[in-house]
Amino acid sequence: MNNAGDEPKDQPIDSARDELGMLLVSKPEHYRDLGAVDIAPLLAMVERMGDQLWQAEDAVKENKFDVLGKTQHMVFRFTPGNADPRASYDNPAWPIWKRFLLPIMDAVTEQYGHEERAYSKVMLARLPAKEAIEPHYDGRGSNYTSHKVHVPLQTNPDVWFFVDGHKRHLEAGQAYEVNNIVSHGAVNHGNEDRIHLIFEHFDRAASPPAPVGNVAAEGI
């Protein structure tokens, strides 16, 4: 799936760990091309979502940040406080949607070589036409110990992603890891909404046991 010339996947930064003992993962400089995936079953589900469902899910989302502008989210799995990815939890929609999500996610993460892959955040994000996500940093906690992947499901030629000043159009049906700990954002100059599957993953086998009371992020 991965393209020739890609950077090595999931090489630890000198085996460095954070204050929780979690391995600090290797981020791409800007983008890492992860290849094509079959988005058709998931896209068919997304196309059935009306504005009312988007609005209802967005109203209860955990990631309410001003920099995201008018972006709407449907959050399936999240890490509380962006702190410990081992403490991630499922939202009610996860059991219904996971059979459409996991085939994509598992195909992408296969190339990372995790012994025990785990998904700490999973969501859909809809950036409306003529709107933008301001440049920002995902600058703490789990952002350093997990990989962040975008899979465009619906886009148009006038949508652009920016990572540390590097502008790129992300193609539908392709998966990309983005460096989320440097400045990044997006703009949709087109007349059609942009919808991405976004998820974060890590190797649970390379992490110390979760503290008592934490809910481990299950990869299945």
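Values quoted throughout were computed directly from the atomic coordinates according to the rules given, and no laboratory measurement underlies them. Everything quoted here is computed from the prediction, not taken from an experiment. Glycine gets a Cβ as well: all are built from the backbone with ideal geometry, and neighbour counts include every protein chain shown.
Could you tell me whether any residue of the stretch 104-118 is closer than 14 Å to ALA186 by Cβ and among the hydroxyl-bearing types (Ser, Thr, Tyr)?
No, the conditions are met nowhere in the stretch 104-118.
Output the residue which, of all residues in the stretch 73-124 that are surrounded by fewer than 21 Cβ atoms within 10 Å (Cβ to Cβ) and touching a Pro at 6+ places or on another chain (Cβ under 8 Å), is nearest to ARG17 (Cα to Cα).
ALA87
Among the residues of the stretch 157-193 satisfying the criterion of being buried (at least 16 other Cβ atoms within 10 Å of the Cβ) and polar (S, T, N, Q), which is farthest from the chain's Cα centre (by Cα)?
In this case the residue turns out to be ASN188.
Can you find a residue in the stretch 129-140 that is more than 17 Å from GLY69 (Cα to Cα), surrounded by 21 or more Cβ atoms within 10 Å (Cβ to Cβ) and touching a strand residue (DSSP E or B) at 6+ places or on another chain (Cβ under 6 Å)?
Within the stretch 129-140, none of the residues are more than 17 Å from GLY69 (Cα to Cα), surrounded by 21 or more Cβ atoms within 10 Å (Cβ to Cβ) and touching a strand residue (DSSP E or B) at 6+ places or on another chain (Cβ under 6 Å).
What pairs come out if I take residues in the stretch 37-59 that are free of Cβ contacts under 8 Å to residues at least 24 places away in the same chain and surrounded by 17 or more Cβ atoms within 10 Å (Cβ to Cβ) and pair them with residues that are in a helix (DSSP H, G or I) and of a type in the set (Gly, Ala, Ser) whose C-beta lies under 6 Å away, six or more apart or interchain?
Filtered contacts from the stretch 37-59: no entries.
State which residue is farthest from the chain's Cα centre (by Cα) when the search covers only the stretch 131-151 and only residues that are under 19 Å from GLN72 (Cβ atoms) and without any contact (Cβ under 8 Å) to a residue 60 or more places away in the chain.
ASP138
Can you report the number of residues in the stretch 160-191 which are in a strand (DSSP E or B), free of Cβ contacts under 8 Å to residues at least 60 places away in the same chain and of a type in the set (Gly, Ala, Ser)?
1
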